[in-house]
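Trainee: Take this structure first; my questions come after.
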Amino acid sequence: MTPRILCLCGLLAFLFFACKNDPKPATTPGGQQIDPELSALNALLEKNPDNDSLLYLRAEVYHKLEGYDEALSDLSHAMQLDSLKPAYYHLMADVLLDYARPNDSRRAINVLLTAAYKFPNRIPTLLKLSEFQLIVQQHSEALQTLDRILQRDPQNAEAFFMAGRVALDKGDTTAAVASLRKSVKIDATNGDAWMFLGRIFTNRNNPLALQYFDNILRLDSTNLEALEMKGVFYKRTGAFDKAFDIYRNIIVRNPDYSNAYFDMGMIYMEQDSFSKAYDNFDLAIKTDPLFIRAFYYRGLSSELQGNTDAAVADYRQASGMAPDFREPKDALERLKKKAGE
């Protein structure tokens with residue numbers, strides 16, 4: 001037996017036996033009132049405990065409820081019963097990645113490597129493997145996986161899309177653009193690829209970004225993120241009136257779209273309209289009480305209007321919500337020094 005096969009056999013042993021906690025059929029993992037879907041699956045599995053499809057479905061519910069041990073146990077049992085269901089490996093990888101214990105991301109990759117070994121020609125499995133390799137920044141490995149796909153299907157739009165994401169994660173925007181353009185040339189309905197292209201060209205202040213966002217809006221006129229990004233482009237290039245028109249359009253469609261208020265506040269800051277900036281940052285916070293940057297900029301607009309007490313309160317709030325966020329800490333230090341002069 002080769003070392004590779006020995007390794008895979010060892011991994012399968014881990015998958016089947018590593019989860020010691022049996023599912024608890026009477027309660028959810030948090031001890032809360034049982035989920036109706038979980039209750040129904042428990043009843044079915046009591047009658048047929050070795051039905052791998054039911055175990056998989058219950059694992060999906062446990063995953064949704066963040067019952068990771070229970071989900072892994074059900075999946076291990078299901079894979080013992082039938083090890084030739086790719087979906088079981090995919091879900092196990094998702095559960096491990098979300099569980100996020102030490103080495104769980106490595107375990108998730110190993111699960112998908114096992115699946116890719118068992119199903120070497122199954123493109124969805126290879127695509128999922130490449131995505132997980134990207135998540136853990138195994139860039140070379142991800143590109144090798146994508147090359148396996150393109151050898152089998154040279155016109156696979158999703159593989160080119162993933163190659164673009166890998167290149168972008170490496171900081172190579174030229175390669176990213178080339179791959180993403182190949183992806184949309186093959187499949188013009190890939191809104192995510194258009195979005196990545198639009199963001200890249202927005203960072204370049206290149207008007208092609210607007211065409212890419214319009215392509216998304218032609219696919220889905222309700223996509224407010226694409227509309228917002230058009231506003232971001234106009235804001236970056238100084239076309240403030242056009243940006244305001246877009247942000248107001250977004251707010252009419254969705255009054256709780258906090259980013260639109262925040263972006264308008266940033267424009268008002270550039271125009272030294274600090275009172276209007278404050279009002280928009282305030283609306284951003286009211287529509288999203290966890291909008292940390294809005295707290296900081298509301299504080300900054302208060303400081304620039306001479307309201308130090310309000311500024312300090314917002315800086316402290318932002319700093320408490322995100323200890324690694326340097327700007328509010330620096331602002332508090334600045335005000336402290338100013339008060340001591």
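Trainee: Taking the range 311-341, which residues are in a helix (DSSP H, G or I), within 15 Å of PHE295 (Cα to Cα) and touching a residue at least 24 places away in the same chain (Cβ under 8 Å)? Before the answer, list the steps.
Mentor: Of all residues in the range 311-341, those in a helix (DSSP H, G or I) come to 311-321, 326-340.
Still in the list and also within 15 Å of PHE295 (Cα to Cα): 311-321, 326-332.
Matches in the range 311-341: ALA311, ALA318, MET321, GLU327, PRO328, ALA331.
Trainee: Shifting gears a bit: Can you tell me which residue within the range 50-92, out of those that are of a type in the set (Gly, Ala, Ser) and not in a helix (DSSP H, G or I), is surrounded by the fewest Cβ atoms within 10 Å (Cβ to Cβ)?
Mentor: Selected residue: SER83.
Trainee: Restricting attention to the range 284-293, does a residue exist that is without any contact (Cβ under 8 Å) to a residue 12 or more places away in the chain, in a helix (DSSP H, G or I) and not acidic (Asp, Glu)? Even if it seems obvious, please write down each step before you answer.
Mentor: Step one: filter the range 284-293 for residues without any contact (Cβ under 8 Å) to a residue 12 or more places away in the chain, giving 286, 289.
From the residues that got through so far, the ones that are in a helix (DSSP H, G or I) too are 286.
Imposing the further condition that a residue be not acidic (Asp, Glu) reduces the set to 286.
Yes, because at least one residue in the range 284-293 is without any contact (Cβ under 8 Å) to a residue 12 or more places away in the chain, in a helix (DSSP H, G or I) and not acidic (Asp, Glu).
Trainee: Let me ask you something else. May I ask you to list the residues in the range 294-316 that are surrounded by fewer than 18 Cβ atoms within 10 Å (Cβ to Cβ) and not β-branched (Val, Ile, Thr)? I'd like the intermediate steps shown before the answer.
Mentor: Let us first name the residues in the range 294-316 that are surrounded by fewer than 18 Cβ atoms within 10 Å (Cβ to Cβ), namely 304-310, 313, 316.
The answer is LEU304, GLN305, GLY306, ASN307, ASP309, ALA310, ALA313, ARG316.
Trainee: I would also like to ask the following. Can you confirm whether the range 262-275 contains a residue that is within 13 Å of LEU224 (Cβ to Cβ), charged (D, E, K, R) and either touching a Lys or Arg at 6+ places or on another chain (Cβ under 7 Å) or crowded, with 18+ Cβ neighbours inside 10 Å (or both)?
Mentor: First pass over the range 262-275, keeping only residues within 13 Å of LEU224 (Cβ to Cβ): 263.
Then drop every residue that is not charged (D, E, K, R), which leaves 263.
Okay, now just the ones that are also either touching a Lys or Arg at 6+ places or on another chain (Cβ under 7 Å) or crowded, with 18+ Cβ neighbours inside 10 Å (or both), so 263.
Yes, the conditions are met somewhere in the range 262-275.
Trainee: Sticking with this one: When the range 162-193 is examined, which residues are found to be within 18 Å of VAL136 (Cα to Cα) and either at pLDDT below 95 or not acidic (Asp, Glu) (or both)? Step through it out loud before you land on a result.
Mentor: In the first step, residues of the range 162-193 are kept if they are within 18 Å of VAL136 (Cα to Cα); the result is 162-172.
Once the filter is applied, which keeps residues that are within 18 Å of VAL136 (Cα to Cα) and either at pLDDT below 95 or not acidic (Asp, Glu) (or both), the range 162-193 yields MET162, ALA163, GLY164, ARG165, VAL166, ALA167, LEU168, LYS170, GLY171.
Trainee: Same structure again: Could you check the range 168-187 and list, in sequence order, the residues that are farther than 20 Å from ILE123 by Cα and under 21 Å from the mean Cα position of the chain (by Cα)? Explain how you work it out, then say what you get.
Mentor: Initial filter on the range 168-187 (farther than 20 Å from ILE123 by Cα): 168-178, 181.
Result: LEU168, ASP169, LYS170, GLY171, ASP172, THR173, ALA176, VAL177.
Trainee: A further question follows. What number of residues within the range 228-283 satisfy the criterion of being acidic (Asp, Glu), more than 25 Å from the chain's Cα centre (by Cα) and outside any helix (DSSP H, G or I)?
Mentor: Step one: list which residues in the range 228-283 are acidic (Asp, Glu), which gives 228, 241, 245, 256, 263, 270, 272, 279, 282.
Checking which are more than 25 Å from the chain's Cα centre (by Cα) leaves us with 241, 245, 270, 272, 279, 282.
Applying the additional criterion that residues be outside any helix (DSSP H, G or I) yields 272.
Count: 1.
Trainee: Right, something else. Within the range 218-242, restricting attention to residues that are surrounded by 16 or more Cβ atoms within 10 Å (Cβ to Cβ) and aliphatic (A, V, I, L, M), which residue is nearest to GLU270 (Cα to Cα)?
Mentor: So the residue we want is VAL232.
Trainee: Something else: Could you list, in sequence order, the residues of the range 111-162 that are over 20 Å from LEU84 (Cα atoms) and in a loop (DSSP other than H, G, I, E, B)?
Mentor: Passing the criteria: VAL136, GLN137, GLN138, ASP153, PRO154, GLN155, ASN156.
The values are calculated or read from the model by the stated rules, or taken from the named source; none is laboratory data. Computed from a predicted model, the values in this text were never measured in an experiment. Backbone-built Cβ (ideal geometry, glycine too); neighbour counts: all protein chains shown.
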